[in-house]
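The values are calculated or read from the model by the stated rules, or taken from the named source; none is laboratory data. Just so we're clear, the structure is a prediction, and the values are computed from it rather than from any experiment. All Cβ positions, even for glycine, are placed from backbone atoms using ideal geometry, and neighbour counts span all protein chains on display.
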Amino acid sequence: MELEPIVSVKGLNFSYPKRDVLKDVDFELHKGEVVSLLGANGCGKSTLIRLILGLIKGKGEIKIAGRDLHTYSQKEMASHIAYIPQYHNVPFNYSVLDMVVMGRVFKLGLFASPSKNDFDIARTALKTIGIASLANRAFGELSGGQKQMVLLARALTQEAKTFIMDEPVSGLDYGNQMRLLELINELSSMGYTFLKTTHYPDHAILVSSRVVVMDEGHIIASGTSSEVITDAMMQDIYNIDAKIITYDDKQLCIPILKGQR
């Protein structure tokens, strides 16, 4: 018997006053998956994420763990799904440990003070992510890559098992991009589920159990990276020439510039 999907979307539509964004979208996210959403700017990836998180409301059905999204309180949602934004600056220069322990707010209530146990959970999360040495550093003084790791540790303290990330590597240098992808891969092997949007087909190839491609508000493909990311898809979605090759049993995406044809 197939398990109930963590996220189930059926017949989802969303429009702005003068523009349709999503059109009859069906989508499921299952436990243990790492799903990468691919597509050009404006295709609807981020809108789909915002709808699943309940930040905006469309027409259609969204269920979380078999239950209608809009019947959840914020606290209940936080026990199922953690949203990890792109790294950002905060108005106060909190310590890294304080930033991470903020992930406990939905467990504690808005005005409750964190206990020793909450701080212990935060320290464990920092250790899991591999950044325990940053605990006493000021968040605002960290690099972009370090900030993204802190936000991932904060999500761990929330004790949800499903993480949603919108363009997680945006603004990170190449080394930090790869380190973040490695960390997603490691956490998935520990039983965490990921849904992430990305602009990079090669990142989807590196870290995905399933790739979903969106175009003009529709999901047009869903499958393994080898099934979905092809020369034809790169031309259709991004309007560029590229070769998808296999080297040492691994897929590689190689863009071909006009002068190189």
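Summary of values
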{"quantity": "Pairs where the first residue, in the range 233-255, is farther than 20 Å from GLU216 by Cα and the second is assigned to a helix (DSSP H, G or I) and of a type in the set (Val, Ile, Thr), C-beta under 9 Å, 6+ apart", "calculated": "ILE244/ILE205; LYS250/ILE205; GLN251/ILE205; LEU252/ILE205; CYS253/ILE205"}
{"quantity": "Tally, over the range 9-59, of residues that are among the small types (Gly, Ala, Ser), out of contact with any helix residue (DSSP H, G or I) (no Cβ under 7 Å at 6 or more places or on another chain) and surrounded by 20 or more Cβ atoms within 10 Å (Cβ to Cβ)", "calculated": "1"}
{"quantity": "Yes/no for ILE121 being over 22 Å from SER225 (Cα atoms), touching a Leu at 6+ places or on another chain (Cβ under 7 Å) and of a type in the set (Val, Ile, Thr)", "calculated": "no"}
{"quantity": "Hits in the range 1-44 - residues which are charged (D, E, K, R) and either farther than 23 Å from LEU187 by Cβ or modelled with pLDDT of 95 or more (or both)", "calculated": "GLU2, LYS10, LYS18, ARG19, ASP20, LYS23, ASP24, ASP26, GLU28, GLU33"}
{"quantity": "Positions within the range 140-181 being under 14 Å from the mean Cα position of the chain (by Cα) and acidic (Asp, Glu), in sequence order", "calculated": "ASP166, GLU167"}
{"quantity": "Helices (runs of 4 or more DSSP H) enclosed by the range 175-246 - at least 2 residues per element that are among the acidic types (Asp, Glu) and out of contact with any Asp or Glu (no Cβ under 6 Å at 6 or more places or on another chain)", "calculated": "231-238"}
{"quantity": "Enumerated strands (runs of 3 or more DSSP E) restricted to the range 1-49, each holding at least 3 residues that are over 17 Å from MET165 (Cβ atoms) and small (Gly, Ala, Ser)", "calculated": "7-16"}
{"quantity": "Those residues of the range 128-178 which are surrounded by fewer than 19 Cβ atoms within 10 Å (Cβ to Cβ) and under 23 Å from GLY39 (Cα atoms), in sequence order", "calculated": "GLU167, SER170, GLY171, ASP173, TYR174, MET178"}
{"quantity": "Selected residue (only one of ASP20, ASP120, ASP24 is without any contact (Cβ under 8 Å) to a residue 12 or more places away in the chain and over 20 Å from the mean Cα position of the chain (by Cα))", "calculated": "ASP120"}
